[in-house]
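Asks: I'd like to ask you about the structure that follows.
The values are calculated or read from the model by the stated rules, or taken from the named source; none is laboratory data. Quick caveat: nothing in here was measured; it's all calculated off a predicted structure. Here the Cβ is made from the backbone with ideal geometry for all residues, glycine too, and neighbour counts use every protein chain on show.
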Amino acid sequence: MTTSTRTSTVTPTPTITSTVTDPVPPLLRLVWLASPALPIGAFSYSEGLEAAVEHGLVHDDASAGDWLSQQLRLLARGDLAAIAQGIAAWRADDGPVLRELARWLRTTRDGAEARLQGEQMGQSLLVWLRGQPMASAAQLARLADCCDGQPPPYAFVMSLALSTIAVPADQTLHAQAFGWAENQVQAALKAVPLGQSAGQRVLARLASEIPAAVAEALATPPARRQLFAPMLSILAARHEIQYSRLFRS
């Protein structure tokens with residue numbers, strides 16, 4: 001009797017590994033990084049929303065929802081795409097890609113306030129990250145090297161932090177997008193102003209649009225990342241000299 005041997009064609013599921021042991025479960029770490037309570041100062045930036053209110057473009061929950069929906073699409077093809085590509089590059093230890101990504105994030109901030117936000121939040125996140133058992137000393141050294149002595153951009157530091165968590169990239173982007181939405185809705189509550197129920201309606205709209213934004217971010221190649229938004233740039237410049245301000249952007 002002859003025995004035939006069959007070779008399995010099932011491809012093993014790839015595992016996401018980290019070089020540092022983290023006692024915090026991945027899901028909790030992911031929620032922590034997306035939380036408005038993260039000490040990086042995100043609450044102090046409206047990302048142009050306050051200027052839009054000042055110039056009458058945003059005045060109620062419907063117009064706030066329209067404004068933030070457009071901002072979400074801009075985020076998808078810009079910084080969310082960059083974070084997704086950064087996560088992959090950090091996990092592969094791809095130095096050239098990381099260096100190009102840091103340069104892109106640094107040079108695409110349009111105006112003084114956007115640059116300040118990226119630098120301040122990036123530096124604050126890096127201080128927090130250094131106190132957590134997540135990134136290795138080698139990764140932190142790589143981050144500094146890629147930034148060439150410049151302040152690390154927020155999205156660049158966040159991509160490193162997220163790369164250490166053993167969850168798929170789409171889940172990290174969903175969490176980040178929702179954290180951004182929470183911060184922006186809180187800004188709208190103060191700047192428009194809106195009531196809590198109106199704010200929840202805006203947040204519900206953004207939550208329903210986040211899956212499509214994440215899918216767009218994941219499908220955007222590096223050559224198609226862009227943050228072209230002329231009206232936002234004009235409003236951001238006007239906000240720099242706005243007489244009365246609650247927010248830093």
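Asks: Got at least one residue in segment 94-103 being more than 17 Å from LEU160 (Cα to Cα) and crowded, with 17+ Cβ neighbours inside 10 Å?
Replies: Residues of segment 94-103 more than 17 Å from LEU160 (Cα to Cα): none.
No: zero hits.
Asks: Sticking with this structure for a sec: Restricting attention to helices (runs of 4 or more DSSP H) lying wholly within segment 103-215, give those where 3 or more residues are out of contact with any helix residue (DSSP H, G or I) (no Cβ under 7 Å at 6 or more places or on another chain), free of Cβ contacts under 8 Å to residues at least 60 places away in the same chain and among the hydrophobic types (A, V, I, L, M, F, W, C).
Replies: 137-146
Condition check ((1) in contact with a Pro (Cβ under 8 Å, 6 or more places away or on another chain); (2) among the aromatic types (Phe, Trp, Tyr); (3) under 17 Å from LEU227 (Cβ atoms); (4) modelled with pLDDT under 95) across all residues:
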{"position": "THR3", "(1), (2), (3), (4)": "no, no, no, yes"}
{"position": "ILE16", "(1), (2), (3), (4)": "yes, no, no, yes"}
{"position": "LEU28", "(1), (2), (3), (4)": "no, no, no, no"}
{"position": "ALA51", "(1), (2), (3), (4)": "no, no, yes, no"}
{"position": "ARG77", "(1), (2), (3), (4)": "no, no, yes, no"}
{"position": "ALA88", "(1), (2), (3), (4)": "no, no, no, no"}
{"position": "ARG91", "(1), (2), (3), (4)": "no, no, no, no"}
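Asks: Now for a different question. Might you check whether a residue that is assigned to a helix (DSSP H, G or I), β-branched (Val, Ile, Thr) and either within 22 Å of ALA181 (Cβ to Cβ) or at pLDDT 95 or above (or both) occurs anywhere in segment 56-63?
Replies: Step one: list which residues in segment 56-63 are assigned to a helix (DSSP H, G or I), which gives 61-63.
Retained after the next criterion (residues that are β-branched (Val, Ile, Thr)): none.
Taking every residue of segment 56-63 in turn, none turns out to be assigned to a helix (DSSP H, G or I), β-branched (Val, Ile, Thr) and either within 22 Å of ALA181 (Cβ to Cβ) or at pLDDT 95 or above (or both).
Asks: Which members of segment 205-247 meet the condition of being surrounded by fewer than 12 Cβ atoms within 10 Å (Cβ to Cβ) and either within 18 Å of the chain's Cα centre (by Cα) or more than 21 Å from ALA52 (Cα to Cα) (or both)?
Replies: The answer is SER208, PRO221, ALA223, ARG224, PHE228.
Asks: Could you list all residues from segment 101-131 that are of a type in the set (A, V, I, L, M) and within 17 Å of LEU80 (Cβ to Cβ)?
Replies: LEU101, ALA102, LEU105, ALA114, MET121, LEU125
Asks: Looking only at residues that are polar (S, T, N, Q) and in contact with a Ser or Thr (Cβ under 9 Å, 6 or more places away or on another chain) in segment 133-158, which one is surrounded by the fewest Cβ atoms within 10 Å (Cβ to Cβ)?
Replies: Looking at residues that are polar (S, T, N, Q) and in contact with a Ser or Thr (Cβ under 9 Å, 6 or more places away or on another chain), I get SER136.
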